[in-house]
Amino acid sequence: MQRLLIVGCGDIGLRAAALLHGRYRLFGLLHDAARAALLRARGIIPIPGDLDRPATLRRLAGVADVVLHFAPPRADPIAADCVGPELCDVRTAGLLANLAKGKSLPRCLVYISTSGVYGDCGGAYVAETRAIAPKTARAHRRADGERRLRKWGRESGVAVSILRVPGIYAAGRLPIARLQARTPSLIGADDVYSNHIHADDLARIVVAAIQYGKPGRIYNASDDSELKTGDYFDLVADRFGLARPCRIPRAAAALALPPGLLSFMSESRRLCNARMKRELRARLLYPAVAEGLAAIPANAIDSS
């Protein structure tokens, strides 16, 4: 049986593990010892290590045929080859350095990135061939991670697939707190397009990428929805019996919203997922957000 390593055993990692159990011998990088029992209960063998201390990752060398890299970059990276200290994904750099030390390399690696690397596209339809233009430090770090992974894949012969993922939603991953706080949304004329994917669909796309992903290929891992951000919040509010947020102009939002949220509401794009469907043969359980929300139990609001 082939061996599979999950780097980043969070929500998506555990969902993917459930789909892969019995098909692979599963290993998971373990940073928090308190989660060891949870991993074992999900059929994942823990391997202690800390992405922020590369010397602790030596046991990863040669351990897996397949690697799922779901760990986000650090917020304050520093590396010798960084353009700037805020732009580098040193976690990915350290992971790759240790994987390269193995007598055998993985045959494939799947990386979860962000659609934020595209930057603001003015609401245009965005395919994977579009040049990236990251605006935030977070998106720059993801772009750096993508660059490192694709370069390593080309040089080592490992088939690297990159999934550019938009907003993930599921029970426990909903903007309930924002709705309860009555945080305003933008009026339609000022609002931006956002993109979404249900967590279960993302896990299925990951599994498809292991089987069908082409070397060095990038895939937009998004559903079929074409929603503006305010419309998404309205859908969630309606589903869980909450008040819809009020709508305000962008000029007013500059005074009413925190900078991080305002930055998020300054990028507009509509992801094209045709390549994902064609090459990965992905079939979405929830093509539209409304369908995904309908499948979430009403009591999910208590855990969000």
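Details
- Within the listed set L60, L149, L179, the residue fluctuating most in the Gaussian network model of the chain (springs between alpha-carbon atoms under 10 angstrom) is L179.
- Positive dipole terminus of the chain, leading residue within W152, L242, V90 (C-beta point charges): W152
- Taking a ≥ b ≥ c as the square roots of the eigenvalues of the Cα gyration tensor, segment 195-304 is oblate, since a/c reaches 1.5 or more and a/b is not larger than b/c.
- Taking A181, A139, A16 in turn, the Gaussian network model of the chain (Cα-Cα springs below 10 Å) assigns the largest fluctuation to A181.
- Alpha carbon centroid spacing (whole Å) that separates segment 244-274 from segment 217-234: 14 Å
- Of G213, G241, G230, the one that fluctuates the most in a GNM where the chain has Cα springs shorter than 10 Å: G241
- Whole-angstrom gap from segment 89-139 to segment 42-65, using each part's C-alpha centre: 20 Å
- The chain: antiparallel DSSP beta bridges as a percent of all, rounded to 5: 10 percent
- Distance-filtered residues of segment 203-217 - backbone nitrogen under 13 Å, label point 7 angstrom along R107 Cα→Cβ: 210-213
- Gain on full extension, evaluated as 0.36 nm per residue between I168 and I45 minus their Cα-Cα distance, stands at 41.7 nm.
- Summing Cβ point charges (Lys, Arg +1; Asp, Glu -1) relative to the Cα centre of segment 122-269 gives a dipole of roughly 600 debye.
- Taken over the chain, lysine pairs spaced eight or more positions apart, or on distinct chains, with alpha carbons under 21 Å apart number 5.
- Nonlocal amide H pairs with A159, under 5 Å, H built at 1.01 Å: C108, L109
- Here the gap between Q2 and S266, fully extended at 0.36 nm per residue and compared with their Cα-Cα distance, gives a gain of 90.6 nm.
- At an R0 of 51 angstrom, the distance between the Cβ atoms of D224 and A55 translates into a FRET efficiency of 0.70.
- Positive-end extreme of charge dipole, segment 255-302 - chosen from L280, I296, S268 (charges on Cβ): L280
- Average accessible surface for segment 162-304: 42 Å² per residue, computed with a 1.4 Å probe over protein heavy atoms with every protein chain in place.
The values are calculated or read from the model by the stated rules, or taken from the named source; none is laboratory data. The model shown is predicted, which means the values in this text are computed figures rather than measured ones. Methodologically, a virtual Cβ is constructed for each residue, glycine included, from the backbone with ideal geometry; neighbour enumeration extends over all protein chains shown. For accessibility, only protein heavy atoms count, side chains too; no ligands or nucleic acids. Shrake-Rupley method; radii C 1.70, N 1.55, O 1.52, S 1.80 Å.
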